[in-house]
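Step one of this worksheet: look at the structure below.
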Amino acid sequence: MPNACSSTSAPARATVTVQRQWVPSRPKFLVHVHPLADHYRTLFRQGLQRDAPDLLKTLPARVWKQRWVVHCQPAGSGEAALRYLSRYVFKTATGDRDLALLPNGRVRWPYRDSSTRRPHHVDLEPFELIRRFLQHVLPAGFHRVRRFGWLHPAARVKLNRVRALLKQPPVLSAAQRAAWQPPQPDFQPPEPLPTSQSKPLCPQCRQPMTHCGSWRAGQPQLRPPVRGPP
């Protein structure tokens, strides 16, 4: 029987949406054990129907109606499980390590000891190397990373609704980004103030003007005293 999925208390929280409200889950919650048990029961029955249909007929019908028990326990902080699973997202088994063909027909497979982090190698027969490699290849119809719910690629509307609740910008496709245009302002931005390098010209004599001061509305203007003739 295959092992059931184990939960983890990774920093990323599993959350659900209720209409227009974002409801966070508990910090150590990832997958509810009852839906996980029902899903495992369905997978087990499908496996028997595909591989052992005669054995499936001998089981009573109440087996598929009662609640199953799955092994579900925390996996620490989840960092070790995430580090292990990340090796299989883009690479499989050997990665980009070079294999050496020995004169005796065996293949030298380099690897790194996870406990000491020291490089080692093992000499294997070609068929034994292929057997070990195929143990890391998923069966037909399985995916390395599968997304559910609002994280599924077809649930773009739900994803943008969740991002809106979290005050995040929406995820748009290339066509949507090309079609969407930001709203244009109704007013023209004011012209920049003149700097000392480019002084405005007088509209009469066309000579550079000098800034003497500025006044606000309602502020008394202090005029220079009028002097009489000498």
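The values are calculated or read from the model by the stated rules, or taken from the named source; none is laboratory data. None of these values were measured; they are calculated from a predicted model. Reconstructed Cβ throughout: ideal geometry from the backbone, glycine too, with neighbour counts over all protein chains shown.
Of the candidates Arg97, Arg131, Arg108, Arg117, the single residue that is at pLDDT 80 or above and surrounded by 12 or more Cβ atoms within 10 Å (Cβ to Cβ) is Arg108. Filtering the range 145-173 to residues that are surrounded by 13 or more Cβ atoms within 10 Å (Cβ to Cβ), part of a loop (DSSP other than H, G, I, E, B) and at pLDDT below 85 leaves only Leu172.
Scanning the range 54-84 for residues that are closer than 18 Å to His34 by Cα and in a helix (DSSP H, G or I) turns up Arg62, Val63, Trp64.
Of all residues in the range 44-73, those being touching a residue at least 12 places away in the same chain (Cβ under 8 Å) and closer than 23 Å to Ala140 by Cα number 2.
Quick one: in the range 1-26, of everything that is modelled with pLDDT of 70 or more, within 19 Å of the chain's Cα centre (by Cα) and in a loop (DSSP other than H, G, I, E, B), which residue is nearest to Gly78 (Cα to Cα)? Out of the qualifying residues, it is Ser25.
Here the range 85-126 is the region considered, the condition is being of a type in the set (Phe, Trp, Tyr) and in a strand (DSSP E or B), and the residue that is farthest from the chain's Cα centre (by Cα) is Trp109.
With respect to being surrounded by 10 or more Cβ atoms within 10 Å (Cβ to Cβ), on the phi < 0 side of the Ramachandran plot and not in a helix (DSSP H, G or I), His136 fits the description. One residue alone among Leu151, Leu134 is farther than 29 Å from Leu30 by Cβ and free of Cβ contacts under 8 Å to residues at least 60 places away in the same chain, and that residue is Leu134.
Candidates Leu55, Leu36, Leu43: the one that is over 25 Å from Phe148 (Cα atoms) and surrounded by 10 or more Cβ atoms within 10 Å (Cβ to Cβ) is Leu55.
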